[in-house]
1. Can you show me the helix-derived [θ] at 222 nm for the chain, built from DSSP H runs with n ≥ 4 at -39,500 (n - 2.57) apiece and divided by the number of residues, rounded to the nearest 500.
2. Report, in debye and to the nearest 20, how large the dipole of segment 3-127 comes out about its Cα centre when Lys and Arg carry +1 and Asp and Glu carry -1 on their Cβ.
3. Relative to the longest principal axis of the C-alpha atoms of the chain, give the angle of the C-alpha long axis of helix 3-80, reported between 0 and 90° and rounded to the nearest 10°.
4. Would you calculate the separation in nanometres between label points at Asp9 and Gln128, each defined as 7 Å from the Cα along the Cα-to-beta-carbon direction?
5. Which distance in nm do the two modelled labels at Asp36 and Thr84 give, with both placed 7 Å along the Cα-to-Cβ direction?
6. By a straight-distance test (C-alpha under 28 Å), which lysines pair with Lys45 as possible cross-link partners, with residues fewer than eight away in the same chain excluded?
7. To the nearest 0.05, how large is the calculated FRET efficiency for Gln29 and Ile53 if R₀ is 30 Å and r is the Cβ-Cβ distance?
8. If the cut-off is 12 Å between C-alpha atoms, which aspartates and glutamates fall inside it for Lys119, apart from same-chain ones fewer than 8 positions away?
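Computed from the coordinates by the stated procedures, all read-outs in this text should not be read as laboratory data. These numbers come from a predicted model, not from an experiment. Because the Cβ atoms are built from the backbone with ideal geometry, glycine has one as well, and the counts that use them run over all protein chains shown.
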Amino acid sequence: MNTEASFGDIRALFADTALRFQETDREFQETDRLIDKLSQETNQKIRELGQQIGGLGNKFGSFTEGLALPSMEKILRQRFGVDTVGPSVRVSRNGNHLELDVLAYADGEINTAYAVEVKSHLREENIQ
């Protein structure tokens, strides 16, 4: 066997291996781009799902408040003597925001106001 021929074979193998490495690198880069694209799409879907779930939570809260309002209004008028009942009151002053599910008051003899917060599940931190 000729040494010159052996070196030629080795050079050919190295060249072939180098080409295969380049092809593998291109495939890895393509896979990375695909994974990045899929990851971005997945993150977008997760954000959209989070917004949808949040919207459902808000709707459930509004639904609960709507169910409670007629009974609450009756109780506030009959037992507490209020003459004004306002649902869903929002106040903003000096950068501070307050949202009340119901604000009821009487400014005659009683001169009292009641703020009501409706919860579908009462938790201690809600009371705080």
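1. Working: 2 runs with 82 residues, N = 128.
For the chain, the value works out to -23500 deg cm²/dmol.
2. Its charge dipole is roughly 640 debye.
3. Result, in degrees: 10.
4. 7.9 nm
5. Calculated label separation equals 6.0 nm.
6. Filter leaves Lys37, Lys59.
7. Details: r = 36 Å, r/R0 = 1.20.
With R0 = 30 Å, the Cβ-Cβ based efficiency is 0.25.
8. Glu65, Asp101
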